[in-house]
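The values are calculated or read from the model by the stated rules, or taken from the named source; none is laboratory data. Everything numeric here is computed off the predicted structure, so don't read it as measured data. Positions of Cβ are generated from backbone atoms using ideal geometry, with glycine treated the same way; all protein chains shown enter the neighbour counts.
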Amino acid sequence: MEASSRASLVEARERLDQLSRPASGMLEKAKDRLTRQPSRAATGPELLALADELFSVGRLLNGQLSLRRALSDPAGRPDDRAALAQRLFGAKVSDTALDLIETVARLRWSHPIDLVDAFSALATEASLDAADARGELDGVEDELFRFGRIVGGDRELGRILSDRKASTEGKRALLDRLLSGRVSPVTEQLLRNVLTGPHVGTAENAVERLSEVASRRRGQSVARVTTAVALTAAQEQRLSDVLRRIYGRTVGLQVTVDPSVLGGLVVQVGDEVIDGSIAHRLEAAERRLAG
């Protein structure tokens with residue numbers, strides 16, 4: 001996204017936060033309109049339903065170029081775009097979802113396709129809000145990480161989930177078999193919608209991005225650690241302490257055991273990789289000898 005779209009997405013996220021948490025007079029008015037009861041925080045089921053609505057709007061806009069253009073037309077007045085959104089969606093979605101759709105329509109977007117990404121991002125945030133409300137945010141992050149490892153370790157599964165030409169219904173059926181009853185409803189919702197969405201790219205990377213978003217919601221950066229043998233709790237704590245001193249913030253660990261590293265650790269935080277594995281040292285020594 002370009003700068004104007006990034007700024008608009010921040011505003012839309014703030015509006016989502018206002019609608020899901022009882023923190024302001026604006027929120028009270030929105031909740032009163034929806035429930036005619038005193039303002040309260042949205043519940044986990046309500047947030048899951050909202051996320052489903054927002055994912056659905058994103059899918060609709062992805063297939064409707066003319067609609068994307070109309071809702072993001074910079075030549076139109078913001079109130080006119082919001083009125084169009086109200087006419088199109090008013091009888092089809094909840095009041096809270098409609099409020100967010102109107103908010104998005106009023107904002108300025110660099111490109112019409114950015115609306116699709118915006119609704120996907122808002123839906124993801126609403127789903128993680130549901131995890132927070134259910135007390136499952138830690139578990140959801142762990143489930144996303146573990147599923148990412150499964151996809152990364154199964155070439156055929158990764159190929160199918162990454163294939164843009166593959167049937168969406170087929171992908172959904174496959175994910176249902178893999179996930180149903182085995183993970184949190186939040187994890188299932190996120191993976192089902194993101195991995196059958198229009199801009200999946202590589203499935204492993206898509207799941208990794210979801211895991212990172214969940215980790216940021218917990219106020220942490222993520223260190224992806226690859227080790228030849230499982231770390232003890234004491235070793236993980238020492239590594240966390242070292243990384244916190246290096247980066248000046250809390251760093252959560254996502255540990256993968258891979259015997260091919262032979263020994264030592266490979267630690268990735270964002271784009272930075274610290275490779276202290278024995279395999280890496282042997283490769284470096286071989287290159288020196290060959291030179």
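When the residues of the range 77-101 are narrowed to those that are touching a helix residue (DSSP H, G or I) at 6+ places or on another chain (Cβ under 8 Å) and small (Gly, Ala, Ser), which ends up nearest to residue 118 (Cα to Cα)?
Going through the qualifying residues, I end up with 97.
From 202, 196, grab the single residue that is modelled with pLDDT of 85 or more, under 19 Å from the mean Cα position of the chain (by Cα) and surrounded by fewer than 19 Cβ atoms within 10 Å (Cβ to Cβ).
After applying the criteria, what remains is 202.
If I filter the range 110-129 for residues that are within 22 Å of residue 208 (Cβ to Cβ) and outside any helix (DSSP H, G or I), do I get at least one hit?
Within the range 110-129, none of the residues are within 22 Å of residue 208 (Cβ to Cβ) and outside any helix (DSSP H, G or I).
Considering only residues that are charged (D, E, K, R), within 16 Å of residue 12 (Cα to Cα) and within 24 Å of the chain's Cα centre (by Cα), which ones fall in the range 61-105?
The answer is 95, 99, 102.
Just checking, how many residues over the range 223-249 are surrounded by fewer than 13 Cβ atoms within 10 Å (Cβ to Cβ) and touching a strand residue (DSSP E or B) at 6+ places or on another chain (Cβ under 7 Å)?
Residues meeting the conditions: 3.
Would you say residue 171 is closer than 30 Å to residue 61 by Cβ, outside any helix (DSSP H, G or I) and among the basic types (Lys, Arg)?
In short, no.
For the range 141-158, name all the residues that are assigned to a helix (DSSP H, G or I) and either outside the structural domain of residue 186 (by TED's automatic domain parsing) or surrounded by fewer than 21 Cβ atoms within 10 Å (Cβ to Cβ) (or both).
142, 146, 149, 150, 152, 153, 155, 156, 157, 158
What number of residues within the range 92-122 satisfy the criterion of being small (Gly, Ala, Ser) and in contact with an Asp or Glu (Cβ under 8 Å, 6 or more places away or on another chain)?
Result for the range 92-122: 3.
What are the residues in the range 108-134 that are buried (at least 22 other Cβ atoms within 10 Å of the Cβ) and either under 20 Å from residue 83 (Cβ atoms) or out of contact with any helix residue (DSSP H, G or I) (no Cβ under 9 Å at 6 or more places or on another chain) (or both), if any?
Hits for the range 108-134 are 109, 115, 118, 119.
Applying the selection to the range 42-87, what residues are assigned to a loop (DSSP other than H, G, I, E, B), touching a residue at least 40 places away in the same chain (Cβ under 8 Å) and surrounded by 15 or more Cβ atoms within 10 Å (Cβ to Cβ)?
If the condition is that a residue be assigned to a loop (DSSP other than H, G, I, E, B), touching a residue at least 40 places away in the same chain (Cβ under 8 Å) and surrounded by 15 or more Cβ atoms within 10 Å (Cβ to Cβ), then 42 is the only one that fits.
Is it the case that residue 217 is loosely packed, with under 13 Cβ neighbours inside 10 Å and of a type in the set (D, E, K, R)?
For residue 217, the condition - loosely packed, with under 13 Cβ neighbours inside 10 Å and of a type in the set (D, E, K, R) - is not met.
Which of the residues that make up the range 230-253 are within 21 Å of residue 146 (Cβ to Cβ), β-branched (Val, Ile, Thr) and out of contact with any helix residue (DSSP H, G or I) (no Cβ under 8 Å at 6 or more places or on another chain)?
232
Might you check whether a residue that is farther than 28 Å from residue 205 by Cβ, among the basic types (Lys, Arg) and part of a helix (DSSP H, G or I) occurs anywhere in the range 89-103?
no
Restricting attention to the range 159-193, and to residues there that are among the polar types (S, T, N, Q) and exposed (fewer than 15 other Cβ atoms within 10 Å of the Cβ), which single residue is farthest from residue 210 (Cα to Cα)?
Among those residues, the one meeting the criterion is 167.
For the range 228-250, does any single residue satisfy the condition of being in contact with a Ser or Thr (Cβ under 6 Å, 6 or more places away or on another chain), of a type in the set (Val, Ile, Thr) and modelled with pLDDT of 80 or more?
No - not one qualifying residue is present in the range 228-250.
Pull up the range 16-31, narrow it to residues that are assigned to a helix (DSSP H, G or I) and under 19 Å from residue 131 (Cα atoms), then point me to the one that is modelled with the lowest pLDDT.
Only one residue fits best here, namely 20.
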